[in-house]
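Accompanying notes for the structure given below.
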Amino acid sequence: MVFDFLQPISSSIEEYISTLSNQTLGKKVVLHTQTDFPVLENIALALITVNESRGAAKENEDCNFDSFRKQFYSLYPGNWNVSLADLGTIEAGDSLEDTYFVLKKLVEELVKKKIIPIVIGGSQDLTYAIYRAYDNLDQMVNLVSVDSQFDFAKENALPSNSYLSKIIIEEPTNLFNYANLGYQTYYNSQEEIDLIEKMYFEAYRLGEVSNNLAIAEPVLRDADLVSIDVTAVQSSYSGNFMQFNPNGFNGKEICSLTRYAGISDKVSAFGIFNFNETAQETVLIAQMVWYFIEGFSFRSNEYPFGSKEKYIKYIVPIDDEELVFYKSHISGRWWIEIPFLTNVNNKLKRITLLPCTNEDYLAACEQEIPERWWKAQRRNIV
């Protein structure tokens, strides 16, 4: 069974948790210890650490994630009703592909059980293994990456910097949309930026997102898998001076993005990668995971789970089109309908709702077609 590949948390972490206050997260989590494995029934979130950095040409030997766990378990939970399990660590296999295989199977099992895996890596090419977990789940996948670059394959590129090409090219091709939040233009060639446009994917520059974090909310609300590269955070906030990044998200911004990911009813897998387990970085990672759980605790189980009676429907005629918007009674959030076209081959096999904003509705009322809707229409036509 795939859970047999998981190594328990260290005895030193068990001892550390025993010294903590009863109100801390460490006392609220079901742990994979030397003697016990968590019963997964009624578990909502599962924390997994992956000791695999060969995709970034780094050694795996010393990374045990203990400092991250100490930081995380010393935090106090919010007013949550969330069941969290720490499943321990996936150790590196004989080859990179072996680690991919174990992670893929583990995520697949958890998603089938409706448990959201929170994966702490390792190098970001582990995103590829998580994406492959959806192969047998019979669905198209929306991937959102918070990253300063697109990670297309370049000449002599490492797997952690080229995994996106594998996702796009290799069959089965389950990818419906890729969205990047926070790319920095000088790290990406013009050809790569043009390719994102040509494939009708979405990309938002760092300044665009930092100036208005709310534009990321509908993007993350539409995601199945969210992958965060910690190097997208400014070094002065992350504490990562091994790979110095003078520009990037600040601590508050990256935590807001992880909270948006958590509150999305659709996100079913979440990962944080490329961190170096320095004392400074583990503080930020712990708080990012905390904010993801905080967001999860406020999920409202709207689309695609609720019925359309819970929405106000607005129809906006534009030229030959009729744009259909829905506004939730519960949260006030907006969606726009992607119609099922009868005379062409559709990737999406039914009418689907695309998250959008009130501004998109107001723009449509001014006869301006929302760009995200137009791109989704183009991607949907095979």
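Values computed for the structure shown
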read-out: Residue in region 101-114 that is within 23 Å of L25 (Cβ to Cβ) and assigned to a loop (DSSP other than H, G, I, E, B) present; value: yes
read-out: Residues located in region 308-337, provided they are part of a loop (DSSP other than H, G, I, E, B) and either in contact with a Ser or Thr (Cβ under 6 Å, 6 or more places away or on another chain) or in the same structural domain as V267 (by TED's automatic domain parsing) (or both); value: I330, S331
read-out: Region 137-157, subset buried (at least 17 other Cβ atoms within 10 Å of the Cβ) and over 21 Å from R205 (Cα atoms), residue modelled with the lowest pLDDT; value: M140
read-out: Region 105-136, residues that are touching a residue at least 40 places away in the same chain (Cβ under 8 Å) and aliphatic (A, V, I, L, M); value: L106, V107, L110, V111, I115, I116, I118, V119, I120, L126, I130, A133
read-out: Any chance I13 is more than 15 Å from S74 (Cα to Cα) and either assigned to a loop (DSSP other than H, G, I, E, B) or in contact (Cβ under 8 Å) with a residue 60 or more places away in the chain (or both); value: no
read-out: Enumeration of residues in region 135-194 that are in a helix (DSSP H, G or I) and over 25 Å from Q377 (Cα atoms); value: P159, S160, N161, Y163, T185, Y186, Y187
read-out: Filter pass, N301 being closer than 25 Å to D360 by Cβ and either at pLDDT below 95 or assigned to a loop (DSSP other than H, G, I, E, B) (or both); value: yes
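Okay, residues lined up against (1) surrounded by fewer than 16 Cβ atoms within 10 Å (Cβ to Cβ); (2) touching a residue at least 40 places away in the same chain (Cβ under 8 Å):
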residue	(1), (2)
S264	no, yes
G271	no, yes
N274	no, yes
T282	no, yes
A286	no, yes
F296	no, yes
Y303	no, yes
D320	yes, no
F325	no, no
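The values are calculated or read from the model by the stated rules, or taken from the named source; none is laboratory data. Fair warning: this is a prediction, and the values are worked out from it, not measured in the lab. Cβ coordinates were reconstructed from backbone atoms using ideal geometry, including for glycine residues, and neighbour counts include every protein chain displayed.
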